[in-house]
Amino acid sequence: MREYLKFYIDGQWVDPVEAKTSNVINPATEEVSGRISMASLADVEKAVAAARKAFAGWSQTTREQRLELLLAIQAEYAKRQNEIGEAITEEMGAPNALGCGFHIGLGGGHIATAIEALKTFPFEELRGQTMIRREPIGVCAMITPWNWPMNQVAVKVLPALATGCTMVLKPPQLAPYSAQIFAEVLDKAGVPKGVFNMLQGSGAVVGAALSAHPQVDLVSITGSEAVGVEIARAAAPTVKRVCQELGGKSAFIVLDDADMAKNVAGATGGMMINSGQTCSAGSRLLVPKKRMAEAIAAAKEAAAAVTVGDPKGNFAMGPVVSKNQFNEVQRYIEIGIKEGAELIAGGPGRPDGIGKGYFCKPTVFANVDNKMVIAREEVFGPVLVIIGYDDIDDAIAIANDSDFGLAGYVNGIDGEQCNAVAKRMRTGWISINGGFDFNAPFGGMKRSGNGREWGEFGFHEYVEIKAMLGYAPAPQA
Ligand code: NAD
């Protein structure tokens, strides 16, 4: 049993003002795995006050001082990363190889790119007699989801620290453990008091209070569209900046010249990673209509090959995060069946032989119409829909016919054709033939949000731009 009953405020682990706790459920066993304290409004006041007080000093530190802290964080993170990976397995059910692999790798990758970006970030730029300064925006509230918990915390905290901001982090109630260990990493690395603060608790109390707080200058939310909207509403009266990283229903286009079987198998396996709980998942697979039969055969085989079971064992897929999430996934599978989509793999209920835990079947629907609910709404589970297209124009029209615009995938042999298709997709992040880059900006268009995180682009969210006109040039030697 894990007990994380203290908050990190003003450089210390402190008791909550009011003693209130919440159980954390292990999604693989449905049993209580630990307990966290739930912050109250009084705790929010303490954390924001600490961050506000620390801003005066931290905002004036030099690039070198902040670099020193980031390097210390990197060293501490390396020591604790396996522990973080195990915590991720326990809190949200990622298979151990994924938790201690890609999950912690993403966290480490963001630390490394923030270090590199900080070395050269243009905090000051002289244009003629005008000095353009990029100054830290102030106190930042960071509200994160449970699906890639270390990724989302690292991608906010590191650029905020690097640019001289102070912050209050509120991790997800369902998956609070990895963030707690990350806070211990920051403490050990010597983050100055008040610069980083962390409260555990609910979105409705802590998240809402941070979003509305007059002493908070920026809210960065990664989460669902509905919560992104709530936060923007709450933040509006204080005119704070709101960075939204929201949901997606991303298209994965396989072009006609591609090896269909190989690409469809890859896309199907990719969809099931993290039990399909990935904002940027290629959840709409677009294949030429004339090759649908080939795609169905490949997707069936690939879905059947995805082993499901105990995340501590040697399985490809664990459970989804919670009972609610399990019920949501089941609801969408039933909707897909009712809508007349062709169920070619998986379906309702748990996989055979599993009687407990929030395990779903790797599910694939084929011959889906893009107007169907399962093609329009984010399921956030291991459910792939395959949609046929007539020609490239049709593929692009289908891909863009979505309220979301987070990610996209284009696979084909002819690189120039892939590029041309990618250019016409209304989405913020597109991977061509598996391309991946920690330094590329990550974020969405349309209802997927307005933020851009990762690498140097993430820094821009945390700075205000100041123009100093008539700037006195440095004296000539
Ligand atoms: P969620 O929106 O339910 O919760 C996200 C966070 O918001 C949690 O910390 C929650 O406590 C908090 N919250 C809830 N209500 C709030 C309120 N009224 N005010 C302030 N904060 C509140 O999302 P989730 O279920 O944790 O995560 C899944 C969603 O996140 C999916 O839609 C997914 O696509 C999205 N997501 C997006 C990205 C991205 O980078 N674009 C990355 C990962 C996940």
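The values are calculated or read from the model by the stated rules, or taken from the named source; none is laboratory data. All values derive from a computational prediction rather than experimental measurement. Note that we place each Cβ from the backbone using ideal geometry, even for glycine, and neighbour counts take in every protein chain shown. With ligands, DNA and RNA removed, areas are computed over all heavy atoms of the protein, side chains included. Shrake-Rupley method; radii C 1.70, N 1.55, O 1.52, S 1.80 Å.
Got at least one residue in region 211-223 being in a helix (DSSP H, G or I), aliphatic (A, V, I, L, M) and near the ligand (Cβ under 7 Å from one of its atoms)? Break it down into steps so the answer makes sense when it comes.
Here is the first cut: in region 211-223, the residues in a helix (DSSP H, G or I) are 211-212.
Filter once more, so that each one left must be aliphatic (A, V, I, L, M): 212.
Narrowing the set further to residues that are near the ligand (Cβ under 7 Å from one of its atoms) leaves none.
The answer is no, given that none of the residues of region 211-223 is in a helix (DSSP H, G or I), aliphatic (A, V, I, L, M) and near the ligand (Cβ under 7 Å from one of its atoms).
Would you mind finding the one in GLU68, GLU31 that is over 25 Å from the mean Cα position of the chain (by Cα), loosely packed, with under 15 Cβ neighbours inside 10 Å and under 30 Å from LYS323 (Cβ atoms)? Break it down into steps so the answer makes sense when it comes.
Values: GLU68 fails: under 30 Å from LYS323 (Cβ atoms).
None of the others qualify; the one that does is GLU31.
Tell me the strands (runs of 3 or more DSSP E) entirely within region 83-191 that contain at least 2 residues that are open to solvent by 20 Å² or more (accessible area, probe 1.4 Å). Walk me through it before giving the result.
On the way: elements: 124-127, 130-136, 139-143, 166-170.
By residue number, 124-127, 130-136.
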Qualifying residue in region 395-402 (condition: within 16 Å of the ligand (Cβ to nearest atom), outside any helix (DSSP H, G or I), within 24 Å of PRO159 (Cβ to Cβ) and at pLDDT 95 or above): no
Flag if THR268 is hydroxyl-bearing (Ser, Thr, Tyr), under 22 Å from the mean Cα position of the chain (by Cα), modelled with pLDDT of 95 or more and more than 16 Å from the ligand (Cβ to nearest atom): yes
Residue in region 457-474 that is open to solvent by less than 60 Å² (accessible area, probe 1.4 Å) and within 15 Å of the ligand (Cβ to nearest atom) present: yes
Hits in region 229-245 - residues which are under 18 Å from SER202 (Cα atoms), within 7 Å of the ligand (Cβ to nearest atom) and either touching a Leu at 6+ places or on another chain (Cβ under 8 Å) or not small (Gly, Ala, Ser) (or both): GLU230, ILE231
Residues of region 116-152 satisfying the condition of being of a type in the set (Val, Ile, Thr) and more than 20 Å from the chain's Cα centre (by Cα): THR120, THR130, ILE132, ILE137, VAL139
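Keeping to region 18-37, report how many residues are part of a strand (DSSP E or B) and within 22 Å of LYS6 (Cβ to Cβ). Spell out how you get there, then give the answer.
Start the filter on region 18-37 by keeping residues that are part of a strand (DSSP E or B), which leaves 21-26, 31-37.
Add one more test, that the residue is within 22 Å of LYS6 (Cβ to Cβ), and what stays is 21-26, 32-37.
Count: 12.
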Scan of region 211-226 for residues that are among the hydrophobic types (A, V, I, L, M, F, W, C) and either outside the structural domain of GLN152 (by TED's automatic domain parsing) or in contact (Cβ under 8 Å) with a residue 40 or more places away in the chain (or both), ordered by number: VAL216, LEU218, VAL219, ILE221
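Mind checking whether some residue in region 412-423 is within 16 Å of the ligand (Cβ to nearest atom) and surrounded by 15 or more Cβ atoms within 10 Å (Cβ to Cβ)?
Our first condition is that a residue be within 16 Å of the ligand (Cβ to nearest atom); within region 412-423, this holds for none.
The answer is no; no qualifying residue exists.
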Condition met for SER202 (near the ligand (Cβ under 10 Å from one of its atoms), over 20 Å from ALA56 (Cα atoms), open to solvent by 10 Å² or more (accessible area, probe 1.4 Å) and not hydrophobic (A, V, I, L, M, F, W, C)): yes
Any hit, region 153-168, residues being within 11 Å of the ligand (Cβ to nearest atom), within 14 Å of the chain's Cα centre (by Cα), among the β-branched types (Val, Ile, Thr) and under 29 Å from ILE25 (Cβ atoms): yes
ALA234, sole failed condition from (1) surrounded by fewer than 24 Cβ atoms within 10 Å (Cβ to Cβ); (2) assigned to a loop (DSSP other than H, G, I, E, B): (2)
Residues within region 424-441 that are free of Cβ contacts under 8 Å to residues at least 60 places away in the same chain, part of a strand (DSSP E or B) and either within 13 Å of the ligand (Cβ to nearest atom) or over 17 Å from the mean Cα position of the chain (by Cα) (or both), tallied: 1
